[in-house]
1. Hey, among ASN154, ASN82, ASN131, which residue is modelled with pLDDT of 95 or more and either assigned to a strand (DSSP E or B) or closer than 25 Å to ASN309 by Cβ (or both)?
2. Condition check: surrounded by fewer than 18 Cβ atoms within 10 Å (Cβ to Cβ) and closer than 30 Å to ILE340 by Cα. Does GLU42 satisfy that?
3. Across segment 107-164, which residue is nearest to VAL297 (Cα to Cα) among those that are within 17 Å of the chain's Cα centre (by Cα) and polar (S, T, N, Q)?
4. Quick check on segment 425-450: of everything there that is surrounded by fewer than 20 Cβ atoms within 10 Å (Cβ to Cβ) and touching a residue at least 40 places away in the same chain (Cβ under 8 Å), which residue is nearest to HIS69 (Cα to Cα)?
5. Is it the case, given these coordinates, that LEU10 is buried (at least 18 other Cβ atoms within 10 Å of the Cβ) and outside any strand (DSSP E or B)?
6. Restricting attention to segment 221-232, and to residues there that are of a type outside the set (Phe, Trp, Tyr) and touching a residue at least 40 places away in the same chain (Cβ under 8 Å), which single residue is surrounded by the most Cβ atoms within 10 Å (Cβ to Cβ)?
7. Filtering segment 351-389 down to residues that are in a helix (DSSP H, G or I), small (Gly, Ala, Ser) and over 21 Å from SER304 (Cβ atoms), which residue is nearest to the chain's Cα centre (by Cα)?
8. Filter segment 4-63 for residues that are among the polar types (S, T, N, Q), over 20 Å from SER354 (Cα atoms) and in contact with a Gly (Cβ under 8 Å, 6 or more places away or on another chain) and give the result.
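The values are calculated or read from the model by the stated rules, or taken from the named source; none is laboratory data. Note that the structure is predicted; figures quoted are calculated from it, not measured. Heads up, the Cβs are rebuilt from the backbone with ideal geometry, glycines too, and the neighbour counts pull from every protein chain shown.
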Amino acid sequence: MPQIDHFVVLMLENRAFDHLFGFRPEVQGLTGKEFNLLNPAEAQSLANPPFTVGTGAPFAITVGQGPGHSVKQTNMQLFGNNAATGPVANDGFVKSYQVELTVADHVPHPSNADLGVVMQSFSAAQLPVLNALADEFAVCDQWYAEVPGPTQPNRLYLHAATSAGHALNAWSAHFDLKTIYQQLQEAGRTWATYEHDTNEVRSFTPLQGYTAAFKQIDAFAADCASGKLPNYSFIVPRMLADKDGQMVNSQHAPHDVRWGEELIADVYEALRANEAVWQSSVLVIVYDEHGGFYDHVTPPAATSPDGKNSPTANDPSYAPSFQFDRLGLRVGAVVVSPWIAKGTIWHQKLQHTSVMKTARELFGVAGNLTSRDAEAASFAGLLSLTAPRTDAPAKLPRGPLPTLPATTDPSHPANQPLDPLQQGLLLGVHHLTRASHPQDAAELLPKTQGEASDYIKSRIHNHFAGPAVA
């Protein structure tokens, strides 16, 4: 096993494996014949046409907020109904998207072109950065989300191997859970998170005193250059456009995925620029969940991490019933290191808790957090070379970025209303920092992305400016 000193995790948002890599050679991908009917319960007809997979997915969603991906909507996509009864056929993606557009997004008559977006994949040429890394290093074609549902539960699993029974986004909750970060700390290893605006790791109450470990994204390149990168780094993408013209780079629909390509390239090139750091590094690029986009593979069963089921006692009435006994859909995942053979395709089943399993193996840290990470597989076997490669590119082939209006233009994303995820994130920061701002009312929260970005950065800075835990 090579000496690994730096394990870096970049978790992006809401892209299924087939959506990103479905037509990539040699992976468990698409034939080009897969389709969904508008109504999977009825026979194909002129009124119930097939929506076939293909390439040329749009960089940004321009009608509505993107496919639904709650547990109930994912049930519809997999089982054809919200209750998850009957066999899995992966034939309800178009139906689910129609419901999302008409009910949640108030689009009364979505066109077939609008609905067909959910079945489309990106070509390699559309995502040159991600595919260059896939060409050079390893693609994992059996990496599953931990929960067949939305963002926050899956991100909680990455850090704590459980979501404490939450199967929906509970952004205002705080979590008294042990995480991979405490395990690393106890073993004498170092860690840090690098954030643009929000950072879900701050919601773990045992970590809130470690203020020095919560860094701004600019510090990542600086730490790489100076050789001060910690043993374990977690990078949180930007979730809101800001008034300085910085765009959402999480790749969460409806936002443009090309800004996420820039982030991936920036992270890789920062690591690659310092040879000493690079030769002892692993970079994991993975997506939190499928985002409602089509994938043709049935998710496998899973062990409940701790016996806690959804809904929890504090969940809203619309929380789904779920026992955490099956994984979510496949997501895009690329693992990068000079110790990985070029063009590797890893077919072993992985999941988000495989990240902590692998990090512990590489750093000699003992013990599991829950039953879920106990059963997860490690991907340390990807590091199969006897010496680090010297042929990895220093720079990646970045594609052109979209043209934006001036930040003073009302149409600039920073001046646009918050989408549902951004609203939840904003409310979560409001509750997280409420002790230091007791006079602020939730109903007076900012309404635009730029204002919300300023609010979040200011609140976090003021609330967590106390002394760091050693």
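1. Values: ASN82 fails: modelled with pLDDT of 95 or more; ASN131 fails: either assigned to a strand (DSSP E or B) or closer than 25 Å to ASN309 by Cβ (or both).
None of the others qualify; the one that does is ASN154.
2. On the way: surrounded by fewer than 18 Cβ atoms within 10 Å (Cβ to Cβ): yes; closer than 30 Å to ILE340 by Cα: no.
So GLU42 fails the test.
3. Looking at residues that are within 17 Å of the chain's Cα centre (by Cα) and polar (S, T, N, Q), I get GLN142.
4. LEU427
5. Judged against the criteria, LEU10 is not a match.
6. Our first condition is that a residue be of a type outside the set (Phe, Trp, Tyr); within segment 221-232, this holds for 221-231.
Right, trim to touching a residue at least 40 places away in the same chain (Cβ under 8 Å) and you get 221, 224-225, 227, 229-231.
Working: ALA221: 18, CYS224: 23, ALA225: 13, GLY227: 11, LEU229: 26, PRO230: 19, ASN231: 21.
The residue in question is LEU229.
7. At the first step, the residues of segment 351-389 found to be in a helix (DSSP H, G or I) are 353-363, 371-375, 380-382.
Still in the list and also small (Gly, Ala, Ser): 354, 359, 371, 374, 380-381.
Pick out the ones that are also over 21 Å from SER304 (Cβ atoms) and you get 359, 380-381.
On the way: ALA359: 18, ALA380: 21, GLY381: 23 Å.
The selected residue is ALA359.
8. ASN36, THR52
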